[in-house]
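For reference, the structure discussed in these notes is given below.
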Amino acid sequence: MHFAISDLHLSPEHPELLAGFQRLCMRLPEATKSLWILGDLFDFWIGDDAPNPVAEGVIKALRPLHARGVSLHFVPGNRDFLVGQQFAELANIQIHHDGKMLVINGRPTWLIHGDHLCIDDRAYMQFRQIVRNRSWQQDFLGKTVEERLAMAQQARQQSSTENATKPEDIMDVNEEYTVQQVATHGALDLIHGHTHRPAFHPLGEDGTRYVLGDWRNGEAVICQWDNNSAPVLKRLNYAADDASLGTPL
């Protein structure tokens, strides 16, 4: 049994989200083989060296899973692409910067965050090209924690303001480009987050695009599968103190 989640956007301002993540980690059944976090686990990340009580809470939740043999994986998102090896080692989690190809139910399936498929949002794609540049990242990480925090807060505010006026369709994946990228990577199916639009979508002639949901108002949409069955999207009540892993979407 395997699970994928995304877009928790954990931050000190929303302790209920961290509590929900910790509940999920405790709920995962003994048969769980792997947990995939497909980006935006954190609402922002300014470097592994910055004091971060939320990250400490995540590490505390993941350690018991690792101890019982669950394989832990992280695909960086647009909010936490600076998560580095120091955090990965403390959390016992593997980082996959370009996503990961898995075979699920006999079908090559690509697991990614998904932001790089939103090519119609040209302003974001320009911003993404800048911040994913290694020189920019080295310069940013060379600043003080206070300077980085101020820059991150400014970027969050600017993003929120700009997104409020953008047409909804440009913040979704470009379907034609997505089909091309999936084919280029040799996949048939795709599992991703980022767009906050959980649903099943046809992909090309014979594929399926599984879109995870963001965590808000006590609910999230996660993905569950095993090696011999197709992925299932499930609506999870992460605020409930029970053992339920959600109901099919």
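The values are calculated or read from the model by the stated rules, or taken from the named source; none is laboratory data. Predicted model only: the values in this text are computed from it and were never measured. Neighbour counts run over all protein chains shown; Cβ positions are idealised from the backbone, glycine included.
Name the single residue that is farthest from Trp136 (Cα to Cα) among those in the range 47-61 being touching a Leu at 6+ places or on another chain (Cβ under 6 Å) and of a type in the set (A, V, I, L, M, F, W, C).
Ile59
Going through the range 28-72 one residue at a time, which ones are in a helix (DSSP H, G or I) and either touching a Phe, Trp or Tyr at 6+ places or on another chain (Cβ under 9 Å) or of a type in the set (A, V, I, L, M, F, W, C) (or both)?
Val54, Ala55, Gly57, Val58, Ile59, Ala61, Leu62, Leu65, Ala67
So, in the range 147-196, exactly how many residues are on the phi > 0 side of the Ramachandran plot and loosely packed, with under 13 Cβ neighbours inside 10 Å?
Here the count works out to 1.
For the range 53-76, indicate whether the set of residues that are among the hydrophobic types (A, V, I, L, M, F, W, C), touching a Pro at 6+ places or on another chain (Cβ under 8 Å) and either without any contact (Cβ under 8 Å) to a residue 60 or more places away in the chain or on the phi > 0 side of the Ramachandran plot (or both) is non-empty.
Taking every residue of the range 53-76 in turn, at least one turns out to be among the hydrophobic types (A, V, I, L, M, F, W, C), touching a Pro at 6+ places or on another chain (Cβ under 8 Å) and either without any contact (Cβ under 8 Å) to a residue 60 or more places away in the chain or on the phi > 0 side of the Ramachandran plot (or both).
Quick check: is even one residue across the range 96-109 out of contact with any strand residue (DSSP E or B) (no Cβ under 8 Å at 6 or more places or on another chain), surrounded by 15 or more Cβ atoms within 10 Å (Cβ to Cβ) and charged (D, E, K, R)?
no
Out of the helices (runs of 4 or more DSSP H) lying entirely within the range 73-179, which hold 2 or more residues that are of a type in the set (Ser, Thr, Tyr)?
By residue number, 145-163.
Among the residues of the range 193-227, count how many are farther than 24 Å from Glu176 by Cβ and out of contact with any strand residue (DSSP E or B) (no Cβ under 9 Å at 6 or more places or on another chain).
Summing the residues that are farther than 24 Å from Glu176 by Cβ and out of contact with any strand residue (DSSP E or B) (no Cβ under 9 Å at 6 or more places or on another chain) in the range 193-227 gives 2.
Only one of Gly246, Gly204, Gly218 is under 20 Å from the mean Cα position of the chain (by Cα), surrounded by 12 or more Cβ atoms within 10 Å (Cβ to Cβ), free of Cβ contacts under 8 Å to residues at least 40 places away in the same chain and at positive phi; which?
Gly246
Can you pull out every residue in the range 1-24 that is out of contact with any Lys or Arg (no Cβ under 9 Å at 6 or more places or on another chain), of a type outside the set (A, V, I, L, M) and assigned to a helix (DSSP H, G or I)?
Pro15, Glu16, Gly20, Phe21, Arg23
Of all the residues that make up the range 196-220, how many are part of a loop (DSSP other than H, G, I, E, B) and out of contact with any helix residue (DSSP H, G or I) (no Cβ under 7 Å at 6 or more places or on another chain)?
Of the residues in the range 196-220, 10 are part of a loop (DSSP other than H, G, I, E, B) and out of contact with any helix residue (DSSP H, G or I) (no Cβ under 7 Å at 6 or more places or on another chain).
Tell me which residues, restricted to the range 221-249, are among the aliphatic types (A, V, I, L, M) and either modelled with pLDDT of 95 or more or outside any strand (DSSP E or B) (or both).
Across the range 221-249, the qualifying residues are Val221, Ile222, Val232, Leu233, Ala239, Ala240, Ala243, Leu245, Leu249.
Can you name the condition, by its number, that Leu203 falls short on among (1) within 22 Å of Pro76 (Cα to Cα); (2) at pLDDT 90 or above?
Evaluating Leu203 over (1) within 22 Å of Pro76 (Cα to Cα); (2) at pLDDT 90 or above leaves (1) as the failure.
Out of all the residues in the range 224-233, which are surrounded by fewer than 19 Cβ atoms within 10 Å (Cβ to Cβ) and of a type outside the set (S, T, N, Q)?
If the condition is that a residue be surrounded by fewer than 19 Cβ atoms within 10 Å (Cβ to Cβ) and of a type outside the set (S, T, N, Q), then Asp226, Ala230, Val232 are the ones that fit.
Could you check the range 82-105 and list, in sequence order, the residues that are within 14 Å of the chain's Cα centre (by Cα) and under 19 Å from Phe21 (Cβ atoms)?
Of everything in the range 82-105, those that are within 14 Å of the chain's Cα centre (by Cα) and under 19 Å from Phe21 (Cβ atoms) turn out to be Val83, Ile93, Gln94, Ile95.
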